[in-house]
Amino acid sequence: MDLEKTLLRKVGEAIHRYRMIRDGDRVAVALSGGKDSATMLEALLLLQKRAPIDFSVCAFTVEQGKFLGPIAPLGEYLKARGIAWTYFRDAPSLRLLEEEPGHGCDLCSRYRRRAVYQIAADLGCNVIAFGHTADDFCEALLRNTMFTGKLSSLPPVTHSRNRDYRLIRPLVFVTEDITTAYAASCGVPVVPCGCSQRTGTVRRALRDLFGELERQHPHLKETMLSAMGNVDTSRLLDTRFLNLHGESAESETQTQELFPIVTEL
Ligand code: SF4
């Protein structure tokens, strides 16, 4: 099937299902320098022309000192296409990198979030679009389940704490084989981030695991995405979702006799 058609169908489905974009919205697209966010920008610009609603799109990039190459080619590409782009050098992030080069993702993403909200405010945007893909959703599901003790992934749509901005992830159904091929077909200059080259990380291990399994099960990620939208809470262990009071008092007493609750060891 035509690559562009597939991309637009999947992005359109995400926007529609999760009510990501509404009439009159002004969408700021976070360009990370990679293939995913560049593909998202192209998809949103194409959908903007076809959509029955009216919304505008602009793009921005936050410089946190982690790009491995010059960002200028991306700026030239966007300028040639007439796309409004803001390049924001985030001074606190650059200072952080100098003072604590080994800082973790928590600090880095907190600084980035602050910068992103400031840019969106300056641009007069009410929606911010992030380029997390289906691959990211699947990895997050496994990572959170295995390492944080929480059965969760990423929100396809959410709001900033004070609800000033709607935060959307229109690539939730788009896998990275699509973004890789589409970005290459557009000739988007990709500027890698130093972190993407790291080895020995959980993220890398999960990517390798998916790569291995997908040789046998090519639709693995689609199935996982379906599972995230089809939760059977009665077969999980969260008591908030279990019908613990549906039984009669008598059978509850019997259960307690059979399985007394141990409060002290
Ligand atoms: S992976 Fe790198 S760029 Fe991303 S949050 Fe962590 S430190 Fe920041």
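Taken together, the values in this text are just the output of simple stated rules run on the coordinates, not laboratory data. These figures come from a predicted structure and were not determined experimentally. Note: ideal-geometry Cβ built from the backbone for every residue, glycine included; neighbour counts use all protein chains shown.
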query: Farthest toward the dipole's positive end in region 1-115, which of 51, 37, 109, given Cβ charges of +1 (Lys, Arg) and -1 (Asp, Glu) about the Cα centre?
result: 51
- prompt: Taking 0.36 nm per residue of separation and subtracting the Cα-Cα distance, what length does fully extending residue 105 through residue 72 add?
  reply: 9.3 nm
statement: Note on region 3-228: contact order normalised by length, alpha-carbon pairs under 8 Å, 6 or more apart, percent, works out to 28
- request: Provide the net charge surrounding residue 36, with neighbours chosen by a C-beta distance below 12 Å and charges set as Lys +1, Arg +1, Asp -1, Glu -1.
  value: -3
query: Helix 176-186 versus the longest principal axis of the chain: what is the Cα-based angle in degrees, 0 to 90, to the nearest 10?
result: 10
- request: Can you tell me the dipole magnitude for the chain around its Cα centre, using point charges on the Cβ only (Lys, Arg +1; Asp, Glu -1), in Debye to the nearest 20?
  value: 1000
field: Inter-part distance where region 11-88 and region 136-211 are each reduced to a Cα centre, Å
entry: 16
- line: Under 23 Å between C-alpha atoms, the lysine pairs in the chain lying 8 or more places apart or on different chains count 13
- prompt: Taking a quarter of the surface of the convex hull around the Cα atoms of the chain, what do you get in nm²?
  reply: 20.2
message: Just to be sure I understand the model, the point goes 7 Å from the Cα along the line to the Cβ. What's the resulting residue 217 to residue 181 distance in nm?
response: 2.2
